[in-house]
Amino acid sequence: MFGISNEVAYDGQMVHAAGKPKPGAVTDVIGRSRWFDIDGEAETKWCPAEGEFTVRLLRELASSGVLDPDLFVITPFRDVANGIRKRLRTDPDLFDKLGIADLDNG
């Protein structure tokens, strides 16, 4: 993910941290950072199946007792980010279980 972000957003100028990153609670539950290719129907850039997949991953974290996860969901499209936010707002108890007070401010 570093390489993709570095090329797309920073034109190869981002500096990679020295040393190997230490796995944390999120990695222990859902694995290392990677690209998820979700196959689903969409009329715009927003695909509801992507939102459901995101919720599923967050539920895995919550059921494993991970609180305040250090987690980023990256998308190049505002429609997708807004769609995921809208979907997550329909499941407020998930944020309680994760110890997150506010969807927009973590």
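The values are calculated or read from the model by the stated rules, or taken from the named source; none is laboratory data. Since the model is a prediction, treat every value here as computed from it, not as a measurement. For neighbour counting, all protein chains shown are included, and Cβ atoms are generated from backbone atoms with ideal geometry for every residue, glycine included. Areas reflect the complete protein model, heavy atoms only, side chains present, ligands, DNA and RNA absent. Shrake-Rupley method; radii C 1.70, N 1.55, O 1.52, S 1.80 Å.
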Single residue of THR54, THR75 found to be part of a helix (DSSP H, G or I), under 12 Å from the mean Cα position of the chain (by Cα), of a type in the set (S, T, N, Q) and on the phi < 0 side of the Ramachandran plot = THR54
What number of residues within region 50-61 satisfy the criterion of being surrounded by 13 or more Cβ atoms within 10 Å (Cβ to Cβ), under 14 Å from ILE84 (Cα atoms) and not acidic (Asp, Glu)?
-> 6
Restricting attention to region 5-34, which residues are more than 29 Å from SER63 (Cβ to Cβ), modelled with pLDDT of 75 or more and not hydroxyl-bearing (Ser, Thr, Tyr)?
-> GLU7, VAL8, ALA9, ASP11, GLY12, GLN13
Just give me the residues in region 62-90 being over 19 Å from PRO23 (Cα atoms) and surrounded by 14 or more Cβ atoms within 10 Å (Cβ to Cβ), in sequence order.
-> THR75, VAL80, ALA81, GLY83, ILE84, ARG87, LEU88
Qualifying position, being under 24 Å from GLU7 (Cβ atoms), touching a residue at least 12 places away in the same chain (Cβ under 8 Å), of a type outside the set (Gly, Ala, Ser) and open to solvent by less than 60 Å² (accessible area, probe 1.4 Å), among ILE38, ILE30, ILE100 | ILE38
Picked from region 57-72 (must be among the aliphatic types (A, V, I, L, M) and in a loop (DSSP other than H, G, I, E, B)), the residue farthest from ASP37 (Cα to Cα) is LEU67
How many residues does region 50-81 hold that are among the aliphatic types (A, V, I, L, M) and under 16 Å from THR27 (Cα atoms)?
-> 8
